[in-house]
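Below: one structure, written as C-alpha cells.
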Amino acid sequence: MVTTLLVVVIVLAIGFDYINGFHDAANSIATIVSTKVLSPFQAVLWAAVFNFAAYFYFTDHKVANTIAKTVVENFITLEVILAGLIAAITWNLFTWWFGIPSSSSHTLIGGFAGAGMAKAATVGASVMSAINLAPILKVVAFIVLAPVIGMVISVIISIIILHISKNARPSVAEKWFKRLQLISSAALSFTHGGNDAQKVMGIIYVAMVAANVLKTGDTMPEWVPISCYAAIALGTMSGGWKIVKTMGSKITKVNAFEGVAAESAGAVTLGITEHFGIPVSTTHTITGSIVGVGLLKRVSAVRWGVTVSLLWAWVLTIPVSATLAAIVYGVIHLFF
C-alpha cells in the first residue's frame, strides 16, 4: 500500500535530484561557458540533453545499489529517509547560495547515514551498527582519490593533445579545440547524469522497500530511473550561475584546449567509477581536472586559496549533513 509518507519521500527525492541538477550544472558547463564556446543558455541545454541521454546507456544501476546499501536494512524507515533528504536538500541549497561547489553525492550519503545512526540511537543500538562501513569507506576514500585521478588524467590528456598539435597553427588549433569542447562537455554531462541520477534512484528504491511496496531484490520500476534522469536534466537547465563562476574562473583561467582536457578527464574518471559502482562526486572530479590543467602551465596558475576553501567544504559535507539529518530525525521521531 502506498502511504502518504512514501509519496512525500519520493517527491522530496526527485526534488533533491532537481536541486542536484542545478547545483551541479556548473560541473558540466563552467569551462565551456568560460571559454565562450557556448552561451550560458546553450550550455545548460546541451548539458541537460546529455544528462538525460545517460538513461539509455547506464542500465546496470551499480551506483544506486551502493547507495541503497549505505544504511543497514533493519534501520531503514521512511522517517530515516525523510530526515536524510531534508538534511541533504538544506546543505545543497546552503552551499549553492554561497557559490560553494560541494558534493551533492556526499550530502545525500551523509544525510542518509546520519539519520540511520540517529534511528539506531533511539532503539538503544550502537550508532555504528546502523551503517555499512564498506560503501561508506569507499565513498570517503574517493573524496581524495576522485580529484587526484581527475587531475592526473587531465595532465596526461593535456600532454597528449599538446604533442599531437605541436605543429598546428594557433588559430587553427583554437578552432578545433572549440569544436572538440562540444564533445568533451557532452561526455562529461553524459557521465554526470549516469553517476548522479542513480544516487536518488537508490534512495527511492529503499523507500519503496521500507514501505513494503517492493521486496529487497525486486526489479526497480521503470518510472524511477526515468523520473530521476528527467529531474536532474531539468535541474541542469535551471543553471547554477554562482558556482559556474567559481569553477570557470576562480580556480584557474581556462582556455578551449584546457577545457577539452579537463572535461575529458572528468568524463573518463566518472565513467570508470560508475563501472565499479562507486558513487563519487562530480564536483570533486572536475575540480581536480581543472587543477590539473592549471598545474601543467605552472603551479602559480592555480588559485590555491580558492582550492583550499573548496577542500574544507568537501571535508565538512558528510559530517555536517549527517549531523543535520540526526537533528531532523530527532524532531520527526517526536511526531511519528
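Numbers at a glance
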quantity	calculated
For residue 219, solvent-accessible area (1.4 Å; no DNA, RNA or ligand), Å²	120 Å²
Accessible surface of region 75-131, 1.4 Å probe, proportion on carbon and sulfur as whole %	76 percent
258, 222, 174, reordered so the largest accessible area comes first (probe 1.4 Å)	222, 174, 258
Aspartates and glutamates whose Cα lies under 12 Å from that of residue 62, excluding same-chain neighbours fewer than 8 positions away	196, 274
For region 26-109: rounded, prolate or oblate by the Cα gyration tensor [a/c cutoff 1.5]	oblate
Accessible heavy-atom area order of 11, 152, 37, 293, highest first, probe of 1.4 Å	11, 152, 37, 293
Accessible area expressed per residue, the chain, with surrounding protein chains retained (probe 1.4 Å, Å²)	41 Å²
Cα centroid separation - region 214-233 against region 265-286, whole Å	21 Å
Calculated Rg/Rh (Cα atoms, Kirkwood Rh) (choose from (i) 0.97; (ii) 1.08; (iii) 1.00), label	(iii)
Aspartates and glutamates with Cα under 17 Å of residue 166, excluding same-chain neighbours fewer than 8 positions away	174, 258
Normalised contact order of the chain, rounded percent, pairs of Cα under 8 Å and 6 or more residues apart	39 percent
Burial order of peptide ranges 39-51, 161-173, 75-87 (average beta-carbon count within 10 Å, highest first)	75-87, 39-51, 161-173
List 285, 3, ordered by accessible area with a 1.4 Å probe, largest first	3, 285
Interchain or long-range residues, amide H under 5 Å from residue 131's placed H	72
Computed [θ] at 222 nm, deg cm²/dmol, the chain (DSSP H ≥ 4; -39,500 (n - 2.57); rounded to nearest 500)	-26000 deg cm²/dmol
Helical segments meeting 24 Å axial Cα length and Kyte-Doolittle 0.5 threshold in the chain (DSSP H)	4-34, 78-97, 104-122, 133-164, 256-275, 304-333
Shape category assigned to region 130-196 from the gyration tensor of Cα positions, a/c cut at 1.5	oblate
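The values are calculated or read from the model by the stated rules, or taken from the named source; none is laboratory data. Please read all numbers here as calculations on a predicted model, not as lab measurements. Cβ: placed from backbone, ideal geometry, glycine included. Neighbour counts: every protein chain shown. Areas reflect the complete protein model, heavy atoms only, side chains present, ligands, DNA and RNA absent. Shrake-Rupley method; radii C 1.70, N 1.55, O 1.52, S 1.80 Å.
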